[in-house]
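Enquirer: To start, I am sharing the structure in question, which I have written as structure tokens.
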Amino acid sequence: MGDYKVPELTEFTEIPALQEGAMSHSHPYLAAPEHQEPLGFPGELVEDWHDRAIARFGELLDKSRALRVYLDSCVRCGACTDKCHYFLGTGDPKNMPVARQDLMRKVYRRHFTFAGKWLPWLVGAEDLTEEVLDDWYSYFHQCSQCRRCSVYCPYGIDTAELSMAARDIMDHIGKGQKYCNEIIGKVHTIGNNLGLPGPALADTLEGLEEDIEDETGVKVRLPLDEKGAEILLVTPSADFFAEPHVDGLMGYAKVFHQAGVSWTISSYASEAANFAMFIGSYEQMREIALRIRKAALDLGVKRLVFGECGHAWRVAYSFLNTLAGPWDFLDQKYPIPQHICEFTYDLIQKGALKFDKSANDDMTLTFHDSCNVARATRMGGVPGGQFEIPRAIARAVCNNFVDMAPDSIREGTYCCGGGGGLLTDDLMELRVKGAKPRMDALNQVVQTDGVTHMIAICAICKSQFSKVFPEYGMGMDRVVSLHQLVSNAIILDGQTTDEDDDETKAGAAPTETEE
Amino acid sequence: MAVLTAIFTVGFYAATAWLIYGLLRKIVQYWRTPAPLKIPTMPAPLTRGGVAMRLVREVVLFESLFKSNKWIWLFGWMFHAALLLAMLRHLRYFTEPVWSWVVLVQPFGTYAGFAMLAGLGALWLRRVLVERIRYISGPSDHLMLALLLGITASGLVMRYVARTDIVALKQFIIGLMRFDWQPMPTDPVLAVHLGLVIVLMTVFPFSKLLHAPGLFFSPTRNQVDSAREKRHLASWAAKLEARGE
């Protein structure tokens, strides 16, 4: 970790004064040839990088309506200028969404528009020089593609689309990012981000089965590669051993057990995450998504359920049908794919799960809407279900729940600071500073409502908060999985507990608390 | 003043042709470029009708801008609404006899100029005074405001200070429309007003004024939330699929 100052938390997140160049030193490690080449990208910066970059830029403009429309439409009204968590946390003006976009827009203008070709000074058009490329590498890796700016833009301009395109162009000239590209390579060869091979995964799952049996006396299975299972669970590989992720995985297992459905994890598609989204590569993203299709076909499952992960749920909900569909071989009675929260919520609605809410009484909880879940997906049949369903589950399994400030949750939620392929140690300063708006809002409910823990439903959020909480003086264990709370409270059939029936009640409807 | 008439006659025909050509070119380009993935900003409507309503709210009420910043919304909305009124009022110079609803708009339209002036002035002040917006503003942003303010101010001068020969102007415009050319009134303020309008029409198709058609083509705003129910596949992605398997 470098010598930076952790921001002071404030009651409300204030708009900082501009500090030009405050984060110009921040950039992630460059991908080495062994990370680049397996993905079909040049190993290092190519000689004719300028021309190749412009050529790739032109290709993308023809492939993506969003890119073209968004590069043309900005009027520089300023609506987005105070919306990015990285700007709020660093004060660097190039972290204002419009300024970040303009890094790309000025090159677009120069090479692809009439005004920029003939009157560059008038419209701020600029050549793609080495300095501009360096700016791209730095600042397009200070965007977590959380899309908060797109909510507030009068034309819906989505900086994520531009940052994905910029990263794709840089990949194509040999200036890729190590963290993402190395991970994508691991998925292609081993099947998950962590490079966890099948046998190790089997061991891990077995260990978890023992843990659950020790704790509850019930034999709950976590099956691997079981042909003919009804459900294929695809979950971020962090769920297999990181904390608090793994507690969530045990929660899914208990829910499946209690629902009486057969399910399995696949060692071939043992990863819900799809980092190819972060680098804007449709082809790479498709290749990873096709692993899930192959696993589903090979195992003969009927349903597809995704575990708690933000961008993974975006790829699953919004893109999977496009990338790896049609899913006509699955049971059409259920949404394809389905989120574990939808699955659990349906059971709660039916009264099929019993909870002892007091199991979570040692905590007062709040819920962090993960950016990708909130602004790029849905759960359930109604718009906004992605906000209501996780909260309904939380209220069904614990007694103490409060929400954070309205402008920091739901569609206005702040990114954790580690999304979009930035969850790497070489960007620690950015991650800590980018977490400030969320930390401000969290600190507020800690002070006023005695909140002790924050729920997340995203592997990246969980890892990020475990790491940055201590920087802000909070315990790393203060972030919990939603299904960890489910796991704590659920009463399994035949479970050995000290106190019996009278304490237990079906968590059908959240009775108390506001709303 | 045959020269003046000739310049403006040719100028208006050229600007109109350029505006239509340039806008159509852009719209066709947007239309033809596929959106490879479903990226509506959620929560999003589940039906096409819902999306139409979302776009109507964006166009009429500036819904997202309202969520973002009440001051920009106030000044921006005031300017655009007043611009609409002023333009509707100007239809009286293009129609003979004047449509009755245009007559009804007339009294509002004449005051709209002041609202435009106020809106534009306030937006310009923000560009100068608010540090963040000053940082992102370039020469073209200031010039665009200057252009719009110039049109507004010259219009107001003709309405409230030095009235122009409105009957002769109408003959000139109707003449343009019917290819029966009439002399343009010689009034320097009018020449400025119309000259700036020609400039505005000319820059429209290759400037940030493209935000007007852009909004309708914005995938985050115009897509239906139906990814799980309906497979969305771009033409180039379909080719990729056909090649790969």
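Enquirer: Return the residues of region A:249-291 that are of a type in the set (S, T, N, Q) and outside any loop (DSSP other than H, G, I, E, B); say none if nothing qualifies.
Expert: Correct list: A:GLN258, A:THR264, A:GLN284.
Enquirer: Please enumerate the residues belonging to region A:106-158 that are surrounded by fewer than 24 Cβ atoms within 10 Å (Cβ to Cβ) and in a loop (DSSP other than H, G, I, E, B).
Expert: Listed by number, the residues that qualify are A:THR113, A:LEU119, A:GLY124, A:ALA125, A:GLU126, A:ASP127, A:LEU128, A:THR129.
Enquirer: Could you tell me which residue of region A:207-254 is nearest to A:HIS311 (Cα to Cα), considering only residues that are open to solvent by less than 40 Å² (accessible area, probe 1.4 Å) and among the acidic types (Asp, Glu)?
Expert: A:ASP239
Enquirer: Inside region B:198-245, counting only helices (runs of 4 or more DSSP H) that do not spill past its ends, which hold 1 or more residues that are more than 8 Å from chain A (Cβ to nearest Cβ) and under 26 Å from A:VAL75 (Cβ atoms)? Please lay out each step first, then the result.
Expert: Values: elements: B:211-216, B:219-222, B:235-244.
It comes to B:211-216, B:219-222.
Enquirer: Every residue in region A:84-111 that is in contact with a Cys (Cβ under 8 Å, 6 or more places away or on another chain), more than 7 Å from chain B (Cβ to nearest Cβ) and not charged (D, E, K, R), please.
Expert: A:CYS84, A:HIS85, A:TYR86, A:ASN95, A:PRO97, A:GLN101
Enquirer: Here's a follow-up. Of the numbered conditions (1) out of contact with any Cys (no Cβ under 9 Å at 6 or more places or on another chain); (2) free of Cβ contacts under 8 Å to residues at least 12 places away in the same chain, B:HIS211 fails exactly one; give the number of that condition.
Expert: (1)
Enquirer: Out of (1) at the interface with chain A (Cβ under 7 Å from one of its Cβ atoms); (2) assigned to a loop (DSSP other than H, G, I, E, B); (3) of a type outside the set (Gly, Ala, Ser); (4) in contact with a helix residue (DSSP H, G or I) (Cβ under 8 Å, 6 or more places away or on another chain), the odd one out for B:PRO40 is which?
Expert: Going through the list (1) at the interface with chain A (Cβ under 7 Å from one of its Cβ atoms); (2) assigned to a loop (DSSP other than H, G, I, E, B); (3) of a type outside the set (Gly, Ala, Ser); (4) in contact with a helix residue (DSSP H, G or I) (Cβ under 8 Å, 6 or more places away or on another chain), B:PRO40 breaks only (1).
Enquirer: Does region A:27-36 contain any residue that is away from chain B (no Cβ under 14 Å), surrounded by 24 or more Cβ atoms within 10 Å (Cβ to Cβ), modelled with pLDDT of 95 or more and in a loop (DSSP other than H, G, I, E, B)?
Expert: Yes, the conditions are met somewhere in region A:27-36.
Enquirer: If you don't mind, there's one more thing I want to ask. Could you check region A:331-365 and list, in sequence order, the residues that are in a loop (DSSP other than H, G, I, E, B) and crowded, with 19+ Cβ neighbours inside 10 Å?
Expert: If the condition is that a residue be in a loop (DSSP other than H, G, I, E, B) and crowded, with 19+ Cβ neighbours inside 10 Å, then A:PRO335, A:ILE336, A:PRO337, A:LEU353, A:ASP356, A:MET363 are the ones that fit.
Enquirer: Moving to a separate point now. Whether any residue in region A:427-436 is more than 25 Å from A:ILE157 (Cα to Cα), assigned by TED's automatic domain parsing to the domain that holds A:GLY248, out of contact with any Lys or Arg (no Cβ under 6 Å at 6 or more places or on another chain) and not polar (S, T, N, Q) is what I want to check. Full working, then the answer.
Expert: Within region A:427-436, the first condition is being more than 25 Å from A:ILE157 (Cα to Cα), and the residues that meet it are A:427-429, A:432.
Next cut, assigned by TED's automatic domain parsing to the domain that holds A:GLY248 only: none.
No, the conditions are met nowhere in region A:427-436.
Enquirer: Surrounded by fewer than 19 Cβ atoms within 10 Å (Cβ to Cβ), among the polar types (S, T, N, Q) and within 11 Å of chain A (Cβ to nearest Cβ): is that true of B:THR47 in this structure?
Expert: Answer is yes for this residue.
Enquirer: A further question on this structure: Given (1) more than 8 Å from chain B (Cβ to nearest Cβ); (2) crowded, with 21+ Cβ neighbours inside 10 Å; (3) not basic (Lys, Arg), identify the lone condition not met by A:THR81.
Expert: Of the numbered conditions (1) more than 8 Å from chain B (Cβ to nearest Cβ); (2) crowded, with 21+ Cβ neighbours inside 10 Å; (3) not basic (Lys, Arg), the odd one out for A:THR81 is (1).
Enquirer: Right, next: I'd like the residue in region A:114-154 that is facing chain B (nearest Cβ under 9 Å) and among the aromatic types (Phe, Trp, Tyr) and, out of all such residues, is nearest to A:CYS180 (Cα to Cα).
Expert: A:TYR152
The values are calculated or read from the model by the stated rules, or taken from the named source; none is laboratory data. This structure is a prediction, so every number in the text was calculated from the model and none was measured. Note that each Cβ is placed from the backbone with ideal geometry, even for glycine, and that neighbours are counted across all protein chains shown. These accessible areas exclude ligands, DNA and RNA; they are computed on the full protein's heavy atoms, side chains included. Shrake-Rupley method; radii C 1.70, N 1.55, O 1.52, S 1.80 Å.
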